[in-house]
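> Okay, here's the structure, questions in a sec.
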Amino acid sequence: MLLYLYKSDYPDDVGLYEPLILNASMYALADRYDIEHLKTLAKEKFLDLVNRHAIDDTFTGAVYVVYNSTLPSDRGLRDCIAPKMRKNWVALRKNDTFMDVVKSNGDIAIDMVDTWAASNDTYVSNRASMPGMVKQGMFCPVCNDLRMTEPWFRGIRCSVCHTSRSRARKWFNFRR
């Protein structure tokens, strides 16, 4: 941080820390000492690294630093890391270290659920994505929202506008 104060930049390949963890730590320090330009710079460097970084223990360490060194109301790095966690959930779920971090901080799980809910992708359970299963769903006639349903599930209600199938009969089926 001292180097930043003199040069308005800092190297993230110092060697003591992984660059991803270093940038997350610099963001937290900038937030603590209210240095907005450093906070913006650390966020830019972090976003660049997180988009091309592999899912490994360094990524897990960065998640730990982000969620344990920033306030829940500070969405800067959390909004950068949540989509990556969602995209790579299958690999992260198998990582015991990552699961320990999630168990230690519930905000991570909340952000992942919020990211899934906010995405335009439809939720397909493991059972519906099994080979040989037909993916099917319906479009809500009121809000045109697409909902995936299981073939054995008969009760259909739009999770956006809460219209049930019995009140609006013109639900449009689709199959993939």
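> Of the residues ASP111, ASP74, ASP96, ASP79, only one is modelled with pLDDT of 85 or more, charged (D, E, K, R) and touching a Lys or Arg at 6+ places or on another chain (Cβ under 7 Å); which?
Within the list ASP111, ASP74, ASP96, ASP79, the selection yields ASP111.
> Check segment 11-27 and report whether any residue there is modelled with pLDDT of 90 or more and of a type in the set (Gly, Ala, Ser).
The answer is yes; a qualifying residue exists.
> Further question: Please list, ordered by first then second residue, the pairs with beta carbon atoms under 6 Å, 6 or more apart or interchain, first in segment 80-102 and touching a residue at least 40 places away in the same chain (Cβ under 8 Å) and in a helix (DSSP H, G or I), second among the aromatic types (Phe, Trp, Tyr) and surrounded by 19 or more Cβ atoms within 10 Å (Cβ to Cβ).
Final answer for the pair search is VAL101/TYR64.
> So ASP74 clears everything in (1) touching a residue at least 12 places away in the same chain (Cβ under 8 Å); (2) of a type in the set (D, E, K, R); (3) out of contact with any Asp or Glu (no Cβ under 7 Å at 6 or more places or on another chain); (4) outside any helix (DSSP H, G or I) except one condition, right? Which one?
All conditions pass for ASP74, except number (3).
> On the basis of being in the same structural domain as VAL90 (by TED's automatic domain parsing), in contact (Cβ under 8 Å) with a residue 40 or more places away in the chain, among the β-branched types (Val, Ile, Thr) and surrounded by fewer than 21 Cβ atoms within 10 Å (Cβ to Cβ), does THR58 make the cut?
Here the answer is yes, as THR58 does meet what is asked.
> Being modelled with pLDDT of 85 or more, touching a Gly at 6+ places or on another chain (Cβ under 9 Å) and more than 14 Å from LEU20 (Cβ to Cβ), is that true of even one residue in segment 120-138?
The answer is no; no qualifying residue exists.
The values are calculated or read from the model by the stated rules, or taken from the named source; none is laboratory data. Here the structure is a predicted model, which is why all the values come from computation and not from measurement. Cβ sites come from the backbone with ideal geometry, for glycine too, and all protein chains shown count toward neighbours.
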